[in-house]
């Protein structure tokens, strides 16, 4: 699974991009402290960076040049700057692509897939099998297995578990999960989400998986 890093100071936009990426099979994390952004990118060693150009106290073009001095990690600028000169300067600084805000989600995903394919010689579609801590999710068969035992999942259980496992180690907000379930055309309110997570935990419990889906009160859920 490809790991993407979002560098965006607008919390609403940042959370929206992270949710979008996680819903589409990427492991996504975000930078929220804008001191030494280049250093954070290099330390995180992601497979691709989505970089806003207008950050507090630093220009995205400068960050591109800093990163390029040490790494060839693909960088897509996602920015409100929209002139030809902005794009030329940004690409000259080392960015691999340039997407203007407001962006179309499907276009952004297509650009990400294209850059990943150019950079690594492959697409970035999520595998049908996801494994974390001995738990394996088969998204094609809608099944979860552990130590030789297997359980079938409902449609919503599958979507929730896939999102959490693809984001293992990171808290996934309730809003992000609700947006994932909204994609299924089934409206899911906050209480219904709680019920679905409870049912998922019961299903996991039937195959001997306990404590796999954790709660971060006021934040969301996590698979660690």
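Return the distance in nm (one decimal) between the two label points of a simple spin-label model at residue 33 and residue 72, each offset 7 Å from Cα along Cα→Cβ.
3.1
Under a plain spin-label model, where a point goes 7 Å from the Cα along Cα-to-Cβ, how far apart in nm are residue 119 and residue 84?
Those two pseudo-labels are separated by 2.8 nm.
Using alpha-carbon pairs under 8 Å, 6+ residues apart, how would you state the relative contact order of the chain in percent?
Taking the mean separation of contacting Cα pairs over the length of the chain, I get 15 percent.
Suppose the chain between residue 58 and residue 9 were pulled fully straight at 0.36 nm per residue; how much longer would it get relative to their current alpha carbon spacing?
My answer for the length gained is 16.5 nm.
Compute the semi-axes of the equivalent ellipsoid of the stretch 129-223, taking the square root of 5 times each eigenvalue of the Cα gyration tensor, and list them largest first in whole Å.
Equivalent-ellipsoid dimensions as semi-axes: 20, 14, 12 Å.
Given just the C-alpha atoms of the chain, how large is their convex hull per residue in cubic angstrom?
128
With the crude spin-label approximation of a point 7 Å out along Cα→Cβ, what separation in nm comes out for residue 110 versus residue 215?
It works out to 4.2 nm between the two label points.
How large is the helix-only mean residue ellipticity at 222 nm for the chain, computed as the sum of -39500 (n - 2.57) over DSSP H runs with n ≥ 4, divided by its residue count, in deg cm²/dmol to the nearest 500?
Value at 222 nm, helices only, nearest 500: -13000 deg cm²/dmol.
Can you tell which of 160, 76, 207 shows the greatest fluctuation in a Gaussian network model of the chain with Cα springs below 10 Å?
Between 160, 76, 207, it is 207 that shows the largest mean-square fluctuation.
Run the paramagnetic zone check for residue 101: 7 angstrom along Cα to Cβ, then residues of the stretch 1-24 with backbone nitrogen under 14 Å.
Under 14 Å, as judged by backbone N against the label point of residue 101, lie 6-18 of the stretch 1-24.
Rounded to whole Å and sorted largest first, what semi-axes of the equivalent ellipsoid does the C-alpha gyration tensor of the stretch 3-120 yield via the square root of 5 times each eigenvalue?
Rounded to whole Å, the semi-axes are 18, 16, 15.
Using alpha carbon centroids, what distance separates the stretch 50-81 and the stretch 1-47, in Å?
12
Read the figures in this text as sums done on the coordinates, not as results from a lab. Everything numeric here is computed off the predicted structure, so don't read it as measured data. Positions of Cβ are backbone-derived with ideal geometry, glycine not excepted, and every protein chain shown enters the neighbour counts.
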